[in-house]
1. Go through (1) more than 29 Å from L246 (Cβ to Cβ); (2) open to solvent by 30 Å² or more (accessible area, probe 1.4 Å); (3) in contact with an Asp or Glu (Cβ under 9 Å, 6 or more places away or on another chain); (4) not aromatic (F, W, Y) one by one and return the number of the condition D30 breaks.
2. Only one residue in Y408, Y435, Y453, Y443 is of a type in the set (S, T, Y) and within 30 Å of A210 (Cβ to Cβ). Which one?
3. I'd like the residue in segment 269-293 that is in a loop (DSSP other than H, G, I, E, B) and touching an Asp or Glu at 6+ places or on another chain (Cβ under 8 Å) and, out of all such residues, is surrounded by the most Cβ atoms within 10 Å (Cβ to Cβ).
4. For segment 43-61, state whether one or more residues are part of a helix (DSSP H, G or I) and touching a helix residue (DSSP H, G or I) at 6+ places or on another chain (Cβ under 6 Å).
5. Specify the residue that is farthest from the chain's Cα centre (by Cα); the eligible residues are those in segment 29-40 that are part of a loop (DSSP other than H, G, I, E, B) and farther than 14 Å from D5 by Cβ.
6. Residues of segment 210-241 being at negative phi, assigned to a loop (DSSP other than H, G, I, E, B) and not hydroxyl-bearing (S, T, Y), which ones?
7. Quick one: in segment 15-28, which of the residues that are in a loop (DSSP other than H, G, I, E, B) and at pLDDT 95 or above is farthest from Q67 (Cα to Cα)?
Amino acid sequence: MSWKDNYTVWADFAGLDPKLRSELTEIKDDQAAQEDAFYAPLEFGTAGMRGILGPGINRMNIYTVRQATEGLALFMDTLAESVKKRGVAISFDSRHHSQEFAHEAARVLGMHGIPSFVFESLRPTPELSYTVRHLGTYAGIMITASHNPKQYNGYKIYGEDGGQMPPKESDLITKFVRQASDLFNIKVADEKELKSSGLLQIIGKEVDEAYLAEVKKVTIDQDLVAKEGKTMKLIFSPLHGTGAVLGEKALKQAGFTNFTMVKEQAKPDPEFSTVVKPNPEDPAAFNLAIEHGKKEDADLLIAVDPDADRLGAAVRQPSGEYQLLTGNQIAALMLNYILTARKKAGTLPQNAVVVKSIVSSEFATAIAKSYDVEMVNVLTGFKFIAEQIKHYEKTKEHTFMFGFEESYGYLVRPFVRDKDAVQSLVLLAEVAAYYKSMGQNLYDGLQELFQKYGFFAEKTIALTFDGVEGAEEINTLMAKFRKNAPTAFAGVKVAAIEDFASSEKKSTSGEVSRIELPKANVLKYILTDGSWIAVRPSGTEPKIKLYLATEAQTQEKALLKRKKFEDEIRDFVKK
């Protein structure tokens, strides 16, 4: 069907949700808006789906949520009855319609006789991951658009290990989602009947307490925290999301009592009224935290995104101003502390391992190597880190110490199988306490690491391609990088090109080796000086991401080199 046909079907459906009917009326004379909303179904990938709220098959609404859940339910219908009866855990964030979507999902599952366990109110994504494992459900659903602007919402499916659904199962679910093509004919059960029959159970406090009991184990040096936690000044912002639910309790139970919540951002707000983007990667998201920090002379500022799986931080410099840390720098500081404190306590296993994505910094690799700890690289997507943890639990080959992605996602202890900003909040506060005990702060600690391991400078550039033509533009750009691969960047020659789509690494001397990772649409240029540049389309947004990573003997040289790379690669994209 054409987009016009799809629009007509929606416009003619008498039972259309009244709010969606009103929004549909608003675009009745806007063909561009109609085409964008109806030209193709909202993409359902390995991480679920994410999109703009509104009417249409390419939008997040109760009908596309029902369709996605119907796909999951049809897949679970193929499983053994005992597996199916384990049910699905469901959580949601502070966004528009999140709670409604969560309950719509439960109503669809109920029609298939599948139990659902729905949180009483908003909860973080990492707690949902934990809940799947804690309750032993077969799957989990998280209604969230993570750090996207307020116009978005999303739907993520988790597997029984607490990680995002593995590719094999995810592909089958996607197949069933596409089979459920009649969005207006997906049956939903009555919620009161589901509750009375036990097919819908509301959960909350008991799971919170169990999760927080595990978070308590994140603290490595309790004596250190007990000594410094009462005086170290911390500013914490949940950016209007779920982080306030457990973040405050997690800090207090660890022993940090001298912290301030950014009151303007403490309450859930689907409008995210104090920020343009509720994203801790965005410097503007820290404006209010910086105001509070300067008033209170805070050592550390921390912000987490609305579903509390990503964490950003800013540290006070000698000038009194605050400097935002990158995700790679935060990871390096946390990893260095974990390995230092574990070694001091005699609890660093001989088979310790750290796992990171292929587009994350080698800064952490250098730190791990200095402790004789292995670094394992995986594809972008925390589910690949979760897969490694599952593998190590089975084989006992390694003991997981830490996992991270450059995009501000970290995991300290594997009772959760996704990035966890609540765990990270507690650990980063402990790292700050460690430096405070020596009369320093995290800025000083980072400079020490640079002096010891070299100066690393990274940057991620995200180019957005919206609308009908966006996907085609991204594909064209990826093809350009493959067919017209640069032989040098800013005068630094390319030593090898890793193409994860063909699983081949080709050196400029002609040597070809195989990449032992699943296929993915990623290109990585390894340069002769150890720097690298990677290119990949985003899996959740209409963006192509360019990753730049340099290292040098001084910070100035590393930053200058990065700037030259950025200028040249932007020129290459424009040509």
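1. (3) is the only condition that D30 fails.
2. Only one candidate passes the filter, namely Y408.
3. Once the filter is applied, the top-ranked residue is P278.
4. Checked against the condition, which is being part of a helix (DSSP H, G or I) and touching a helix residue (DSSP H, G or I) at 6+ places or on another chain (Cβ under 6 Å), segment 43-61 yields no hits at all.
5. Of all residues in segment 29-40, those part of a loop (DSSP other than H, G, I, E, B) come to 29-30, 39-40.
This time we only want the ones that are farther than 14 Å from D5 by Cβ, so: 29-30.
On the way: D29: 37, D30: 34 Å.
This residue is D29.
6. I220, D221, G229, K230, M232, K233, P238, G241, listed by residue number.
7. Initial filter on segment 15-28 (in a loop (DSSP other than H, G, I, E, B)): 15-17, 27-28.
So of that shortlist, the ones also at pLDDT 95 or above come out as 15-17, 27.
Working: G15: 16, L16: 15, D17: 15, I27: 23 Å.
Here the answer is I27.
Yes/no matrix, rows are residues, columns are (1) among the hydroxyl-bearing types (S, T, Y); (2) under 26 Å from the mean Cα position of the chain (by Cα); (3) modelled with pLDDT of 95 or more:
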position: S513; (1), (2), (3): yes, no, yes
position: P518; (1), (2), (3): no, yes, no
position: V522; (1), (2), (3): no, yes, yes
position: I526; (1), (2), (3): no, yes, yes
position: T540; (1), (2), (3): yes, yes, no
position: V573; (1), (2), (3): no, no, no
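The values are calculated or read from the model by the stated rules, or taken from the named source; none is laboratory data. Predicted model only: the values in this text are computed from it and were never measured. Methodologically, a virtual Cβ is constructed for each residue, glycine included, from the backbone with ideal geometry; neighbour enumeration extends over all protein chains shown. Note: areas computed on protein heavy atoms with side chains; ligands, DNA, RNA excluded. Shrake-Rupley method; radii C 1.70, N 1.55, O 1.52, S 1.80 Å.
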